[in-house]
């Protein structure tokens, strides 16, 4: 890029209609020569800011100016997008509500030339009426910062409207960190520590001045930096992103930075979430103080989980494209077990699309290596069920699995098994066993009873945002209603006479009942055939994949708490599930938001599933179908 000697002013603008005209004026009043330009990047304003700025620049046609608008993405991306329009050797950043000192542009450029600086910081003040602020016309000499990297990475020192940077330096570090919303910390940190990123990377010189360079309004509605959570979140992620991209960072400085991030997380949790000193995270905080070896990957998850519930924080959507090696331990893996856990795997794959996911059934053969094998496609890379592990105390004498994992997810709650899994090498271990005592990460809600939701909650610990698993299949045009009247044991079965009554109701509504029967349910077949004849469809299948394929054409399903019902739910159709002695709170299937469970225990205080009246089932069917 051929750059002319001069100054490019980049103004980032988002909903600053009351300030933007004064902000632009404070810059262009200093354009006394031709070697200046102003670039205004509107970051998706909706309060008329863009129109005000555009009209003001139109009235000053002699000024070299450019204004454009983009989808709201934050100041970091706004500055990076503006870089391709920069013409001059130096860049002055200005926020859309800040006023810069009337002699700041040439002063900063001169000071940078005197000390051969790549970045210069001045002072920043707040005022109730920035446009009337009385700036001093002083010209204090700048000084070169000693160890600026430590100041930025540990103290979190930064800012944007009070700095000037060489264009070559900003482009040289790849611009602002586009993985965080606000650039105030990423820009100085990247420049101060650039020389450590590779053996050929340039070392930049940073200075500071006591001159007040800019002033901002004390009170602004919805200011990003007024959200303390946004500041701490972006500062923490900026530091982690720098650490992970820098090979030669001093180990002591690295450890200090990670400890500072953990302290920041603990302080926030204690203040806003009222975390107790006996909490798991306080133990993590204490361990960090004792110079416990810290992993940046784990600290990153601490940050994500600390601010996951703060809806005010703007987060840049990111998909993790890394090829993480993830192990999921499931123990016994029968049909119902696997189907209850699949929402967890689907969610995990959505977060880590390129990860290598291994499914480890440590107690017998896995159904995902057998009848549900096709469901593994694009979800699970390997199913391991050839090495029993986790059931016996003698397993402590066995060698754990070879290799190292980035993440291990323990889906069971048996303490012995968890202790055995802890022998496997990993960066992050997640387990609800012993009330999450052995887990590196702990969900804020540890009392989720539904098994599928609880497992999805474990995956949420690895995500930058709240997760809500849904799998909705739209079959509104279908007239077929699937019914699973069987179960593995008699006490889980709603009486077949009840299902016959439900089928007659559906037929009356011009719907087609489809009874799904297993190979051991010949008695149900004869009963249904005798009572309903050709009014219904009888579907016999011993193959779960055939059931899933057929179920994709159903309008909804009705089932006892059985594997058949979970097969229907897997497709994404709405399912009404009837529970007797088993727990609806624990085993209700996830998926379609219209799913409903009826529990005889919760409603009628009885473990007898037949205490559920057909009238209630009809009522819930009508609700799902919108009658």
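Some notes on this structure:
- Number of the exception - residue 623 against (1) exposed (fewer than 15 other Cβ atoms within 10 Å of the Cβ); (2) out of contact with any strand residue (DSSP E or B) (no Cβ under 8 Å at 6 or more places or on another chain); (3) modelled with pLDDT of 95 or more: (2)
- The stretch 297-318, subset touching a helix residue (DSSP H, G or I) at 6+ places or on another chain (Cβ under 6 Å) and part of a loop (DSSP other than H, G, I, E, B), residue modelled with the lowest pLDDT: 310
- Flag if residue 420 is surrounded by 21 or more Cβ atoms within 10 Å (Cβ to Cβ), within 19 Å of the chain's Cα centre (by Cα), at pLDDT 95 or above and part of a helix (DSSP H, G or I): no
- Any hit, the stretch 502-511, residues being outside any helix (DSSP H, G or I) and surrounded by fewer than 18 Cβ atoms within 10 Å (Cβ to Cβ): yes
- Within the stretch 488-538, the set of residues being touching a residue at least 12 places away in the same chain (Cβ under 8 Å) and on the phi > 0 side of the Ramachandran plot comprises 510 only.
- Residues that are surrounded by fewer than 18 Cβ atoms within 10 Å (Cβ to Cβ) and touching a helix residue (DSSP H, G or I) at 6+ places or on another chain (Cβ under 9 Å), drawn from the stretch 319-333: 319, 320
- Among (1) surrounded by 14 or more Cβ atoms within 10 Å (Cβ to Cβ); (2) more than 30 Å from residue 234 (Cα to Cα); (3) touching a residue at least 24 places away in the same chain (Cβ under 8 Å); (4) touching a strand residue (DSSP E or B) at 6+ places or on another chain (Cβ under 8 Å) - the single one residue 376 does not satisfy: (3)
- Whichever residue in the stretch 583-620 is touching a strand residue (DSSP E or B) at 6+ places or on another chain (Cβ under 9 Å) and part of a loop (DSSP other than H, G, I, E, B) and, among such residues, is farthest from residue 451 (Cα to Cα): 612
- For residue 117, the criteria (1) under 19 Å from residue 23 (Cβ atoms); (2) in contact with a strand residue (DSSP E or B) (Cβ under 8 Å, 6 or more places away or on another chain); (3) at pLDDT 95 or above hold in every case but one, which is (1).
- Residues (more than 36 Å from the chain's Cα centre (by Cα), surrounded by 13 or more Cβ atoms within 10 Å (Cβ to Cβ) and part of a helix (DSSP H, G or I)) located in the stretch 55-78: 56, 57
- Matching residues, the stretch 140-152, being at pLDDT 95 or above and surrounded by fewer than 18 Cβ atoms within 10 Å (Cβ to Cβ): 140, 141, 143, 144
- Criterion (within 39 Å of the chain's Cα centre (by Cα) and surrounded by fewer than 22 Cβ atoms within 10 Å (Cβ to Cβ)) met by exactly one of 81, 162: 81
- Note on the stretch 51-82: residues that are touching a strand residue (DSSP E or B) at 6+ places or on another chain (Cβ under 8 Å) and touching a residue at least 24 places away in the same chain (Cβ under 8 Å) total 15.
- Qualifying positions in the stretch 552-568 - in a helix (DSSP H, G or I) and more than 32 Å from the chain's Cα centre (by Cα): 564
The values are calculated or read from the model by the stated rules, or taken from the named source; none is laboratory data. Not measured: the values here are computed from a predicted model. Quick reminder, even Gly has a Cβ in these numbers, built from the backbone with ideal geometry, and neighbours come from all protein chains shown.
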